[in-house]
Amino acid sequence: MKLSHIEHIGIAVKDLHASIKFYEEVLGLECYAIEEVKDQKVKTAFFMLGGTKIELLESTDPEGPIGKFIEKKGEGVHHLAFAVEGIENALATLKEKGVQLVDQQPRKGAEGLDIAFLHPKSTGGVLTELCENKNKS
Ligand code: ZN
């Protein structure tokens with residue numbers, strides 16, 4: 001399995017627009033996309049910094065994963081996403097090594113990426129996402 005870089009850092013926020021304002025007006029980054037991912041009950045906003053993105057996540061449903069996270073832990077860093085080549089093989093390898101997978105198979109995430117989460121119990125408490133962009137030329 002070969003990870004190439006940190007694809008993005010996912011940050012749970014209560015108010016997407018207030019957070020976008022902070023990242024734009026205080027940190028000077030530019031939000032280049034806002035997308036709702038119905039499947040995960042979130043609205044996302046993306047910023048690019050070097051080769052790494054910051055993904056802000058606002059829950060659209062208190063019962064969704066981000067809604068529950070914020071209720072338990074408040075706003076903050078939610079997950080770390082690595083770019084990987086051959087996500088299916090990577091998942092098979094990790095499973096073989098005893099890593100607990102949240103997603104047995106990749107599914108579609110924001111920006112059309114194939115994504116899969118690994119359980120934080122197996123990764124030292126860090127919710128870890130693998131992503132592969134199969135659309136890139
Ligand atoms: Zn993510």
#### Entry: Whole-Hz ³J(HN,Hα) from phi, Karplus 6.51 cos²θ - 1.76 cosθ + 1.60, for segment 47-64, glycine and proline x
10, 10, 9, x, x, 10, 9, 10, 10, 8, 10, 10, 6, 9, 7, x, 8, x
### Query
About its Cα centre, what dipole magnitude does segment 7-115 give when the only charges are +1 on Lys and Arg Cβ and -1 on Asp and Glu Cβ, stated in debye to the nearest 20?
340
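Output the pairs from LYS2/LYS68; LYS2/LYS38; LYS53/LYS136 with a Cα-Cα distance over 23 Å in this structure; if there are none, say none. Spell out each step's value before the answer.
Working: LYS2/LYS68 32 Å; LYS2/LYS38 30 Å; LYS53/LYS136 16 Å.
As for pairs spanning more than 23 Å Cα to Cα, those are LYS2/LYS68; LYS2/LYS38.
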## Note on the structure
Relative to the chain, whose Cα atoms define the longest principal axis, helix 87-96 and its Cα axis are tilted in degrees, nearest 10, by 60
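Could you tell me what percent of the DSSP beta bridges with both partners in the chain are antiparallel, to the nearest 5?
75
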## Note on the structure
Under the 7 Å Cα-to-Cβ spin-label approximation, SER4 and THR123 lie apart by a distance in nanometres of 1.8
### Cα convex hull of segment 3-132, projected area averaged across orientations, nm²
7.7
### Task
Taking the Cβ of ALA110 as the centre, find all other residues whose Cβ is under 13 Å away and add up their charges (Lys, Arg: +1; Asp, Glu: -1).
-3
### Task
Could you work out which residue, out of GLY109, GLY64, GLY125, moves most in a Gaussian network model of the chain, that is, has the largest mean-square fluctuation with Cα springs under 10 Å?
GLY125
### Message
Please list 3J(HN,Hα) in residue order for segment 16-21, calculated via the Karplus relation 6.51 cos²θ - 1.76 cosθ + 1.60 where θ = phi - 60°; whole Hz, with x for glycine and proline.
### Response
4, 5, 5, 6, 4, 4
### Extension reserve of the LYS38-LYS108 stretch, reckoned as 0.36 nm per residue once the Cα distance is removed
24.1 nm
### Query
So how do SER122, SER19 line up by other beta-carbon neighbours within 10 Å, fewest first?
SER122, SER19
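Read-outs throughout are calculated quantities, based only on the coordinates presented, and are distinct from any laboratory measurement. In this text, all values refer to a predicted model and were calculated from it rather than measured experimentally. Cβ atoms come from the backbone with ideal geometry, glycine included; neighbour counts cover every protein chain shown.
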